[in-house]
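Structure first, then comments.
The values are calculated or read from the model by the stated rules, or taken from the named source; none is laboratory data. What you see is a predicted model; the values in this text were computed from it and never measured. Positions of Cβ are backbone-derived with ideal geometry, glycine not excepted, and every protein chain shown enters the neighbour counts.
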């Protein structure tokens, strides 16, 4: 299917690995010009090379900077004053009992997971409206609905993204600009694999996966971790002109973990 994304300029925050890298690759494969973002020049260069190995004809540019910081966002806006597609993927997670989550932890998670997307949207949304087309996507999580007891600060930020994305979509009513949230379920990314290695005590990933979906996410219909490419496929469609009637939505690519019918 041609998603009609040729020459659309797309910025994917936090896109040097995991879901972000898969999204950047999917958009590049569809002909978008893609801006890859990471905190260091080395990580950005590695991601660019990785995408070019998969999509040799890709048009890729890089921006190294921590987009949870206003100074980096301002530098980004100077280098790329307008984009057609903004994917707010930058995010962090960790497992921590509620009693051990400090004020600094709460603030850090909000700044990285929520405020970074708000700031970038504030930069790029006016131009999208003026040009009469645009796409903003927040990469939220099924944790926005199923708040994990061991990651309450993370779940809070993912729920906040739903509120922000819906509110921005309301502000775009009657325009050709859409704002949506995509809610991945448990996904087999590099970051998750590192996280699993830390908490599993050396248990093989396949064994951990089987136990995880038996005891932690028993409602999963997929009964395995989602691949980053499966998430990226939905995001690429939502970013396309073909998804013009999808706006203000919370779209689940969760493997059926969430049981609610809404």
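Data overview
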| item | result |
| --- | --- |
| Selection status of residue 258, part of a loop (DSSP other than H, G, I, E, B) and either surrounded by 14 or more Cβ atoms within 10 Å (Cβ to Cβ) or touching a residue at least 24 places away in the same chain (Cβ under 8 Å) (or both) | yes |
| Elements of type helices (runs of 4 or more DSSP H) contained in the range 186-249, each with 2 or more residues being at pLDDT below 95 | 190-199, 205-215 |
| Single condition residue 176 does not satisfy, out of (1) buried (at least 16 other Cβ atoms within 10 Å of the Cβ); (2) at pLDDT 95 or above; (3) under 30 Å from residue 4 (Cα atoms) | (1) |
| Residues that are farther than 23 Å from residue 111 by Cβ, more than 17 Å from the chain's Cα centre (by Cα) and in contact (Cβ under 8 Å) with a residue 24 or more places away in the chain, drawn from the range 170-199 | 170, 172, 175, 176, 177, 199 |
| Answer residue from the range 6-20, given it is at negative phi and not in a strand (DSSP E or B) and is surrounded by the fewest Cβ atoms within 10 Å (Cβ to Cβ) among those | 6 |
| Residues located in the range 29-58, provided they are surrounded by fewer than 15 Cβ atoms within 10 Å (Cβ to Cβ), in contact with a strand residue (DSSP E or B) (Cβ under 7 Å, 6 or more places away or on another chain) and not in a helix (DSSP H, G or I) | 40 |
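Conditions (1) touching a helix residue (DSSP H, G or I) at 6+ places or on another chain (Cβ under 7 Å); (2) surrounded by fewer than 13 Cβ atoms within 10 Å (Cβ to Cβ), marked per residue:
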{"position": "195", "(1), (2)": "no, no"}
{"position": "211", "(1), (2)": "no, yes"}
{"position": "220", "(1), (2)": "yes, no"}
{"position": "227", "(1), (2)": "no, no"}
{"position": "232", "(1), (2)": "yes, no"}
{"position": "236", "(1), (2)": "yes, no"}
{"position": "240", "(1), (2)": "no, no"}
{"position": "243", "(1), (2)": "yes, no"}
